[in-house]
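The values are calculated or read from the model by the stated rules, or taken from the named source; none is laboratory data. As the structure is a prediction and not an experimental result, all values here were calculated from the model. Virtual Cβ from ideal backbone geometry, glycine too; neighbours counted across all protein chains shown. What goes into the accessible areas is simple: the full protein's heavy atoms, side chains included, and nothing from ligands, DNA or RNA. Shrake-Rupley method; radii C 1.70, N 1.55, O 1.52, S 1.80 Å.
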Amino acid sequence: MYNLQLYDHLLQFPLFQGLSRAELLQMAGNTKFGFLKIDAGKYVVRDGDLCTQLYFLIGGTITLTTESDDHGYSIVETLSAPWLLQPEALFGLSPRYSCTARATTATHFITLSKDEVLRLLDDFLIIRLNLLNIMATLTQRRTRQAWHRPPTTLRHRIARFLTEHCAYPAGQKQVNILMKRLALEMNASRLDVSEALNDMQADGLIGLHRGRIEVPSLERVATSI
């Protein structure tokens, strides 16, 4: 029963797609998976923490907060299971998290240490290919951003700014930024930025608050570009 439940959870994640039932049951029986419960309000990882294991969110909701290098603004995303937390942070030049994850409800994770990940990569070709596909997809998306057609209006520039700074291209977002800083990012006057934001609010795309922009549905903002 334990292996069957684990099998169902793992099938939710692209890293394990394509494995046969027998392979998944074999992996579940021979791999040291960890199980972690984190209460609402507690931190999962913090920006700058060393990444030593993968976190597979299998139940509950977290917020993902990413800050600019100078801490001048931040974006808070609400994410629900299933979600794999920054797999790209496990390897590379700087194997550290670039965001802070915090539980907003009671959350449940499956964890997998780096040593176990390396062993699975040796044992299962399909997992190697899946991880390569995940990394390649992340790289291709970020590489293509520089080659997108430039926005033709300030409103479109703001929408592009919002979509390109989020880990997941849909759902609820909170942007903590002052109007002065957003105007600097847009290379536009504060008045023009204010007018564009108010137009977006009038269309129901965002909600404006002091020092904060609420985005109910990022996909709606993306389709407005």
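A few points about this structure:
- Q140 falls short on exactly one of the conditions (1) open to solvent by 80 Å² or more (accessible area, probe 1.4 Å); (2) under 21 Å from D192 (Cβ atoms), and that condition is (2).
- Exclusive hit being open to solvent by 30 Å² or more (accessible area, probe 1.4 Å) and either modelled with pLDDT of 95 or more or within 17 Å of S68 (Cβ to Cβ) (or both), set A222, A183, A202: A202
- Among (1) open to solvent by 70 Å² or more (accessible area, probe 1.4 Å); (2) out of contact with any Phe, Trp or Tyr (no Cβ under 8 Å at 6 or more places or on another chain), the one test that F161 misses: (1)
- Condition check for G204: within 14 Å of I75 (Cα to Cα), of a type outside the set (A, V, I, L, M) and out of contact with any Phe, Trp or Tyr (no Cβ under 8 Å at 6 or more places or on another chain): no
- In region 136-157 there is no residue that is hydroxyl-bearing (S, T, Y) and under 30 Å from D39 (Cβ atoms).
- Residues (within 20 Å of C99 (Cα to Cα) and out of contact with any Lys or Arg (no Cβ under 9 Å at 6 or more places or on another chain)) located in region 144-163: F161, T163
- Residue in region 164-177 that is surrounded by 15 or more Cβ atoms within 10 Å (Cβ to Cβ), in contact with a Lys or Arg (Cβ under 9 Å, 6 or more places away or on another chain) and of a type in the set (V, I, T) present: yes
- Residue count, region 1-58 (criterion: more than 18 Å from the chain's Cα centre (by Cα) and not in a loop (DSSP other than H, G, I, E, B)): 25
- Residues of region 131-177 classified as under 28 Å from F16 (Cα atoms) and touching a Gly at 6+ places or on another chain (Cβ under 7 Å), total: 0
- Restricting region 1-37 to residues that are of a type in the set (K, R) and at pLDDT 90 or above, the residue that is surrounded by the fewest Cβ atoms within 10 Å (Cβ to Cβ) is K32.
- Residue tally, condition over 14 Å from L154 (Cβ atoms), of a type outside the set (A, V, I, L, M, F, W, C) and over 24 Å from the mean Cα position of the chain (by Cα), over region 175-203: 3
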